[in-house]
Amino acid sequence: WTDEFRFCCLARHVKKCHPKADEFSSCEDLMTNVVLRVCVWLLGILALTGNFLVILWRIIYHADNEVHSFLITNLAIGDLCMGLYLLIIAIVDYQYRGVYFLYDAMWRTSTLCHLAGFFSTFSSELSVITLT
């Protein structure tokens, strides 16, 4: 038994080591599932570019209905932040692929991880506030 799963990654000769990695991460990768990796990249790129275009459109072409335009712009900003979050996770997964356990603690305490968490939380909160 250890406090963190990454110690099990270092002691590969131990047959039963606890705690095990979660459903998404492994000793080697932040995201183990290839389908999940592809979806995160695809959704991140689509969310970032699509919502950037919506915001740009709303800035260039002012709508007559300002309330409607304001709400759509807020949703686009929230979704753009979620796209940023997804791309940060995808890039970090790519960067640490094969050796994730060596950088797990450093990544989780990094400014970039905290920024990604902020983007995710801000995106969710902005969307909920806008829709209610």
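Kindly establish whether GLY117 is exposed (fewer than 14 other Cβ atoms within 10 Å of the Cβ), at pLDDT 95 or above and among the small types (Gly, Ala, Ser). Taking the combined requirement at face value, the residue satisfies it.
Here segment 1-56 is the region considered, the condition is being surrounded by 15 or more Cβ atoms within 10 Å (Cβ to Cβ), out of contact with any Gly (no Cβ under 8 Å at 6 or more places or on another chain) and charged (D, E, K, R), and the residue that is modelled with the lowest pLDDT is ARG6.
Selection over segment 84-114 of residues that are more than 14 Å from LEU30 (Cα to Cα) and either touching a helix residue (DSSP H, G or I) at 6+ places or on another chain (Cβ under 8 Å) or crowded, with 19+ Cβ neighbours inside 10 Å (or both) gives a count of 3. Considering segment 57-102, the residues that are β-branched (Val, Ile, Thr) and farther than 24 Å from VAL34 by Cα include one that is modelled with the highest pLDDT, namely ILE77.
The values are calculated or read from the model by the stated rules, or taken from the named source; none is laboratory data. The shown structure was predicted, so the numbers you read here are calculated from the model rather than taken from an experiment. So basically every Cβ, Gly included, is an ideal-geometry build from the backbone, and we count neighbours across all protein chains shown.
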